[in-house]
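**Student:** One structure, as structure tokens, below. Some questions next.
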Amino acid sequence: MTSSVSIRDLSLNFGAVSVLQHLDLEIADGEFLVLLGASGCGKSTLLNCIAGLLDISDGQIFIKGKNVTWEEPKDRGIGMVFQSYALYPQMTVEKNLSFGLQVAKVPQVEIDKRVARAAEILQIQPLLKRKPAELSGGQRQRVAIGRALVRDVDVFLFDEPLSNLDAKLRSELRVEIKRLHQSLKNTMIYVTHDQIEALTLADRIAVMKGGVIQQLADPMTIYGTPENLFVAGFIGSPSMNFFRGSIGRKDGRPVVDVGGVAFDLSRYPSRAPLKDGQAVVLGVRPEHIRVDEPVEGLVSHPATVEIEEPMGADNLLWLKLAGQPISVRIAGQRRYAPNTPVTLGFDMASASLFDAGTENRL
Amino acid sequence: MANPGSLAITVAGADAVRDELSGPRGRRPQRSFSGRNIMIYGTLLIAALYYLLPLYVMVVTSLKGMPEIRLGNIFSPPVEITFEPWAKAWASACTGLNCDGLSRGFWNSVRITIPSTVISIAIASINGYALANWRFKGSEVFFTILIVGAFIPYQVMIYPIVIVLREMGIYGTLTGLVIVHTIFGMPILTLLFRNYFVSLPEELFKAARIDGAGFWTIYLKIMLPMSLPIFVVAMILQITGIWNDFLFGVVFTRPEYYPMTVQLNNIVNSVQGVKEYNVNMAATILTGAVPLFVYFVSGRLFVRGIAAGAVKG
Ligand SMILES: Nc1ncnc2c1ncn2[C@@H]1O[C@H](COP(=O)(O)OP(=O)(O)OP(=O)(O)O)[C@@H](O)[C@H]1O
Ligand SMILES: [Mg+2]
């Protein structure tokens with residue numbers, strides 16, 4: 001697989017503030033890469049560096065094997081879609097789509113052809129004569145995508161394109177972007193802080209924090225085996241349950257001792273031998289805890305239901321174990337009244353264990 | 001009674017039901033003579049009178065002949081309307097040196113105001129755009145200097161500028177005055193434009209750069225069409241400011257190039273002969289007519305510019 005975008009040792013400072021430090025990233029041809037992270041972690045900054053809208057402090061950027069570090073944005077073979085749509089308000093949709101091509105002095109016949117094709121793909125033919133102010137949010141974002149589409153570029157950059165839309169439209173357009181990627185097979189780099197978007201769209205997700213990529217992997221790996229405590233806590237809603245404890249032994253087997261409650265680790269696929277007395281954080285996702293289901297191999301503990309949050313397909317229970325609140329996801333039709341005593345079964349094979357000091361996965 | 005439910009209602013109950021039906025409903029009535037309204041309209045009326053009364057006196061006086069003025073009733077309307085004073089003010093009033101009225105000053109002022117306004121707005125809008133969107137080396141320093149420039153009193157700079165213009169050989173010419181007006185308008189206009197362009201979404205500028213547009217294309221095709229309101233504001237500021245200018249007009253030009261304001265002063269303050277109040281009033285109104293006209297016309301343009309959605313995304 002050839003590399004489409006390649007970022008080597010990229011650093012960027014705003015004056016004294018260092019936003020990105022020595023960042024390396026290889027993006028394969030036709031890949032859908034999502035940059036995910038909390039607000040202010042440098043996602044947009046990284047995207048703007050790739051687009052050439054920010055002058056980088058150090059490092060190199062290659063697109064399609066060409067060193068574009070000093071190239072102008074228009075010469076990089078990229079198209080970009082912004083959160084605020086950024087449509088030219090005084091131009092019609094058609095003019096918005098063709099503006100870049102006219103600047104590039106593309107022949108009018110070719111412009112018409114490309115605009116017609118983009119309008120067809122995005123289903124915006126009836127809107128071509130309108131001004132952006134006369135469009136709905138979803139239609140505006142379609143036009144913004146169309147503007148990137150007509151430029152016939154290798155790489156699409158999206159900066160939170162759906163954040164300004166309401167929930168229903170967001171999920172519709174999300175599917176549409178995925179469909180677009182499947183039919184065009186372009187490389188796409190997509191910035192979001194919405195983990196559902198990240199998990200559903202991405203071939204690979206790069207989880208960022210403080211300008212550093214914490215983990216770069218496919219969605220299932222990110223979700224299932226997070227590399228550190230930050231990634232584990234960031235992905236998943238409701239978030240993973242964390243228990244602080246220490247490694248100990250019980251009946252000759254390794255356990256995590258959480259305030260007197262022991263979690264048997266013999267099924268946990270640890271990467272390195274665990275030391276006795278080591279301070280650790282145990283993480284278990286809400287759906288990896290069973291309620292009143294005597295399945296073999298689970299670590300069982302008694303607990304009491306505090307609150308129930310029915311969500312239709314799922315039912316979310318909030319309980320207390322060893323003084324800590326836990327959330328558990330069960331099937332929607334199983335209901336529990338508050339104060340019901342239950343037995344929790346923990347699926348330790350799917351759990352995550354982190355060192356309390358380094359916060360890395362064990 | 002047909003409705004069995006109503007059988008149970010007692011007399012008191014029926015009253016309660018009627019109250020409920022006849023209670024407040026729909027739009028709340030507005031009392032037109034509330035204390036608040038009297039305050040507001042009273043104040044507005046007094047303020048309006050305060051400004052309109054002098055104007056009234058001027059118009060009335062300018063339409064009277066001298067004998068009628070000597071009667072001394074400045075508020076009484078003219079018995080015999082005459083446009084003689086207006087004609088005289090425009091074409092034949094004496095300003096000490098020559099006797100061709102305000103017309104010469106009017107055309108001088110036009111020849112000063114139009115180029116000064118156009119040039120200063122063109123340069124300042126480009127400056128403001130560059131400062132807002134293209135961070136170049138030293139742009140911060142440049143901006144600071146401009147802001148400081150906006151606060152330096154004019155008087156301090158008059159003498160140095162006289163020398164500079166003299167050395168350039170354009171002291172006393174219209175060109176010199178146009179340059180002076182352009183320079184002095186620059187700080188405040190640049191600030192005005194910079195702040196406006198900064199308020200436009202930055203992503204629009206980024207999108208245009210990705211589309212391959214350069215400095216001038218972005219300015220002409222993207223920024224200008226979105227900025228009609230601020231251009232109108234700048235135009236009002238410049239036209240009224242330059243038209244009403246007196247100091248620079250006296251200092252930097254020769255008598256044959258004096259702007260209208262200076263000529264008005266010379267007519268009104270001329271010492272020979274009797275004071276012709278009617279001519280003075282007419283001359284004053286004529287001089288003030290241009291800024292007034294600009295306010296009326298462009299004020300409507302301004303509102304229309306906003307209403308047309310020129311600034312909305
Ligand atoms: N022009 C600038 N000058 C100084 N600091 C900046 C500038 N632009 C961004 N930053 C800083 O860089 C950091 C990263 O900003 P960036 O916009 O990339 O965040 P982000 O991950 O896109 O966040 P969000 O999800 O809110 O869009 C932030 O801490 C921000 O304060
Ligand atoms: Mg951002």
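The values are calculated or read from the model by the stated rules, or taken from the named source; none is laboratory data. As the structure is a computational prediction, the values presented were derived from the model and not from experiment. In this analysis, Cβ positions are derived from the backbone assuming ideal geometry, glycine residues included, and neighbour counts consider all displayed protein chains. Side chains are part of the model used for accessible areas, which takes the heavy atoms of the whole protein and leaves out ligands, DNA and RNA. Shrake-Rupley method; radii C 1.70, N 1.55, O 1.52, S 1.80 Å.
**Student:** List the residue pairs whose Cβ atoms are under 6 Å apart, where the first residue sits in region A:30-57 and is over 18 Å from B:ALA208 (Cβ atoms) and more than 12 Å from every other protein chain (Cβ to nearest Cβ), the second is assigned to a loop (DSSP other than H, G, I, E, B) and more than 10 Å from ligand 1 (Cβ to nearest atom), and the two are 6 or more positions apart or on different chains.
**Tutor:** Within 6 Å, the pairs are A:GLY30/A:LYS185; A:GLU31/A:ASP203; A:PHE32/A:ALA202; A:PHE32/A:ASP203; A:VAL34/A:ALA202; A:CYS49/A:ILE56.
**Student:** At least 2 residues that are within 14 Å of another protein chain (Cβ to nearest Cβ) and modelled with pLDDT of 90 or more in each: list the helices (runs of 4 or more DSSP H) lying fully within region B:199-256 that qualify.
**Tutor:** B:202-210
**Student:** Go through region A:107-134 and report how many residues are closer than 16 Å to A:PRO89 by Cα and either touching an Asp or Glu at 6+ places or on another chain (Cβ under 7 Å) or open to solvent by 10 Å² or more (accessible area, probe 1.4 Å) (or both).
**Tutor:** Residues meeting the conditions: 7.
**Student:** Hey, another quick one. Residues of region A:34-48 being more than 6 Å from ligand 1 (Cβ to nearest atom), under 15 Å from the mean Cα position of the chain (by Cα) and surrounded by fewer than 23 Cβ atoms within 10 Å (Cβ to Cβ), which ones?
**Tutor:** Passing the criteria: A:ALA38, A:LEU47.
**Student:** Go through region A:283-304 and give me each residue that's in contact with a Ser or Thr (Cβ under 9 Å, 6 or more places away or on another chain) and in a loop (DSSP other than H, G, I, E, B).
**Tutor:** If the condition is that a residue be in contact with a Ser or Thr (Cβ under 9 Å, 6 or more places away or on another chain) and in a loop (DSSP other than H, G, I, E, B), then A:ARG285, A:ASP292, A:GLU293, A:PRO294 are the ones that fit.
**Student:** Being open to solvent by 20 Å² or more (accessible area, probe 1.4 Å), among the aliphatic types (A, V, I, L, M) and either outside the structural domain of A:PRO286 (by TED's automatic domain parsing) or within 13 Å of the chain's Cα centre (by Cα) (or both) is the filter here, so list the residues in region A:213-270 that pass it.
**Tutor:** A:ILE213, A:LEU216, A:MET220, A:LEU229
**Student:** Quick check on my filter: what residues within region A:55-67 are surrounded by 22 or more Cβ atoms within 10 Å (Cβ to Cβ) and either farther than 12 Å from A:LEU10 by Cβ or within 12 Å of ligand 2 (Cβ to nearest atom) (or both)?
**Tutor:** Matches in region A:55-67: A:ILE63 only.
Let's see how each residue does on (1) away from ligand 1 (no atom under 13 Å from the Cβ); (2) at pLDDT 95 or above; (3) surrounded by 20 or more Cβ atoms within 10 Å (Cβ to Cβ):
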residue: A:LEU20; (1), (2), (3): no, no, yes
residue: A:PHE32; (1), (2), (3): yes, yes, yes
residue: A:LEU53; (1), (2), (3): no, no, yes
residue: A:GLU72; (1), (2), (3): yes, no, no
residue: A:SER84; (1), (2), (3): no, no, no
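**Student:** If B:PRO29 meets every condition in (1) at pLDDT 90 or above; (2) loosely packed, with under 11 Cβ neighbours inside 10 Å apart from one, which number is that one?
**Tutor:** In the conditions (1) at pLDDT 90 or above; (2) loosely packed, with under 11 Cβ neighbours inside 10 Å, B:PRO29 misses (1) alone.
**Student:** Against the definition (open to solvent by 20 Å² or more (accessible area, probe 1.4 Å), of a type in the set (Asp, Glu) and either farther than 30 Å from A:ILE235 by Cβ or not assigned by TED's automatic domain parsing to the domain that holds A:VAL212 (or both)), how does A:ASP9 come out, yes or no?
**Tutor:** no
**Student:** With the structure loaded, tell me whether A:GLY332 is in contact with a strand residue (DSSP E or B) (Cβ under 6 Å, 6 or more places away or on another chain) and surrounded by fewer than 14 Cβ atoms within 10 Å (Cβ to Cβ) or whether it fails that test.
**Tutor:** Yes: the conditions hold for A:GLY332.
**Student:** Does A:SER44 count as of a type in the set (Ser, Thr, Tyr), modelled with pLDDT of 90 or more and under 23 Å from A:PHE234 (Cα atoms)?
**Tutor:** yes
**Student:** Take A:ALA202 and decide whether it is away from ligand 2 (no atom under 16 Å from the Cβ), surrounded by 20 or more Cβ atoms within 10 Å (Cβ to Cβ) and more than 14 Å from chain B (Cβ to nearest Cβ).
**Tutor:** Yes.
**Student:** If A:ILE78 satisfies every condition in (1) open to solvent by 40 Å² or more (accessible area, probe 1.4 Å); (2) under 24 Å from the mean Cα position of the chain (by Cα); (3) within 11 Å of another protein chain (Cβ to nearest Cβ) but one, which is the exception?
**Tutor:** Every listed condition holds for A:ILE78 apart from (1).
**Student:** Restricting to region A:62-107, name every residue that is part of a helix (DSSP H, G or I) and either among the charged types (D, E, K, R) or touching a strand residue (DSSP E or B) at 6+ places or on another chain (Cβ under 7 Å) (or both).
**Tutor:** Of everything in region A:62-107, those that are part of a helix (DSSP H, G or I) and either among the charged types (D, E, K, R) or touching a strand residue (DSSP E or B) at 6+ places or on another chain (Cβ under 7 Å) (or both) turn out to be A:LYS74, A:ASP75, A:GLU94, A:LYS95.
**Student:** Looking for something within 11 Å of chain B (Cβ to nearest Cβ) and open to solvent by 60 Å² or more (accessible area, probe 1.4 Å) - is there at least one such residue anywhere in region A:93-102?
**Tutor:** Yes.
**Student:** Give the number of residues within region A:171-188 that are under 14 Å from A:ILE145 (Cβ atoms) and open to solvent by less than 70 Å² (accessible area, probe 1.4 Å).
**Tutor:** 9
**Student:** Among what's in region A:152-202 and is within 16 Å of ligand 1 (Cβ to nearest atom) and among the aromatic types (Phe, Trp, Tyr), pick the residue that is farthest from A:GLN102 (Cα to Cα).
**Tutor:** So, considering only residues that are within 16 Å of ligand 1 (Cβ to nearest atom) and among the aromatic types (Phe, Trp, Tyr), the one farthest from A:GLN102 (Cα to Cα) is A:TYR190.
**Student:** Every residue in region A:58-75 that is free of Cβ contacts under 8 Å to residues at least 60 places away in the same chain and more than 9 Å from chain B (Cβ to nearest Cβ), please.
**Tutor:** A:ASP58, A:GLY59, A:GLN60, A:ILE61, A:PHE62, A:LYS66, A:ASN67, A:VAL68, A:THR69, A:TRP70, A:GLU71
**Student:** Could you check B:VAL279 against (1) under 30 Å from B:TYR154 (Cβ atoms); (2) part of a helix (DSSP H, G or I); (3) not acidic (Asp, Glu) and say which number it fails?
**Tutor:** If we test B:VAL279 against (1) under 30 Å from B:TYR154 (Cβ atoms); (2) part of a helix (DSSP H, G or I); (3) not acidic (Asp, Glu), just (1) comes out false.
**Student:** Next question, about the same structure. Out of B:ILE40, B:ILE81, which single residue is open to solvent by 40 Å² or more (accessible area, probe 1.4 Å), out of contact with any strand residue (DSSP E or B) (no Cβ under 6 Å at 6 or more places or on another chain) and not in a helix (DSSP H, G or I)?
**Tutor:** After applying the criteria, what remains is B:ILE81.
**Student:** Could you go through region B:165-178 and let me know if any residue there is open to solvent by less than 30 Å² (accessible area, probe 1.4 Å) and on the phi > 0 side of the Ramachandran plot.
**Tutor:** Within region B:165-178, one or more residues are open to solvent by less than 30 Å² (accessible area, probe 1.4 Å) and on the phi > 0 side of the Ramachandran plot.
Residue-by-condition table, conditions (1) outside the structural domain of B:ASN280 (by TED's automatic domain parsing); (2) surrounded by fewer than 19 Cβ atoms within 10 Å (Cβ to Cβ):
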residue	(1), (2)
B:ALA89	yes, no
B:CYS94	yes, yes
B:SER109	no, no
B:ILE119	no, yes
B:SER125	no, no
B:ALA130	no, no
B:TRP134	no, yes
B:VAL141	no, yes
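**Student:** Turning to a different aspect of this structure: How do the pairs read when you match residues in region A:306-331 that are at positive phi with residues anywhere that are surrounded by fewer than 16 Cβ atoms within 10 Å (Cβ to Cβ), using Cβ under 6 Å and keeping only pairs 6 or more apart or on different chains?
**Tutor:** A:GLY312/A:GLY332; A:ALA322/A:GLY259
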